[in-house]
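These notes concern the structure reproduced below.
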Amino acid sequence: QVQLVESGGGLVQAGGSLRLSCAASGRTFSSYAMGWFRQAPGKERVFVAAISSSGGRIDYADSVKGRFTISRDYAKNTVSLQMSSLTPGDTAVYYCAAVRTYWGQRAYKDYDYWGQGTQVTVSS
């Protein structure tokens, strides 16, 4: 069982930056791949980025590639999402997710554990 708690969301102007963090409970953090998803009002939850359990494999959605960076800290059991050059199109609730067996999946149904989400709002 893994419990995830996101933080760092807020209101930012277009062109600005924001850093999201996700704290994971348990001693098996290093065994899980971690992902970030987002869900805008009235839309499906979509993949943003993922990092493998070892950190050796990282994947980004095309819409955020070059602007967002995912990383993980094994000492602190956290995964972060550094977001820059934000646009109003990035406005959404951002969710942290974990999965034990990672093969590069991007579908939200393929992840096992979820945080409660954190709101990111980008004003124009």
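List of remarks:
- Any hit, segment 66-86, residues being closer than 17 Å to residue 106 by Cβ, in contact (Cβ under 8 Å) with a residue 24 or more places away in the chain and open to solvent by 40 Å² or more (accessible area, probe 1.4 Å): no
- Test result for residue 47, farther than 22 Å from residue 109 by Cα and not β-branched (Val, Ile, Thr): no
- The strands (runs of 3 or more DSSP E) located wholly in segment 11-61 that include 2 or more residues which are open to solvent by less than 20 Å² (accessible area, probe 1.4 Å) and either touching a residue at least 12 places away in the same chain (Cβ under 8 Å) or not basic (Lys, Arg) (or both) occupy 18-24, 33-39, 46-51.
- Residues in segment 94-120 that are more than 15 Å from residue 24 (Cα to Cα) and either among the aliphatic types (A, V, I, L, M) or surrounded by fewer than 16 Cβ atoms within 10 Å (Cβ to Cβ) (or both): 101, 103, 104, 106, 107, 109, 110, 119, 120.
- Count - residues of segment 35-91 that are over 13 Å from the mean Cα position of the chain (by Cα) and among the polar types (S, T, N, Q): 8
The values are calculated or read from the model by the stated rules, or taken from the named source; none is laboratory data. The model shown is predicted, which means the values in this text are computed figures rather than measured ones. When we count neighbours, we look across all protein chains shown, and the Cβ atoms used for this are built from the backbone with ideal geometry, even at glycine. Accessible surface areas use protein heavy atoms only, side chains included; no ligands, DNA or RNA. Shrake-Rupley method; radii C 1.70, N 1.55, O 1.52, S 1.80 Å.
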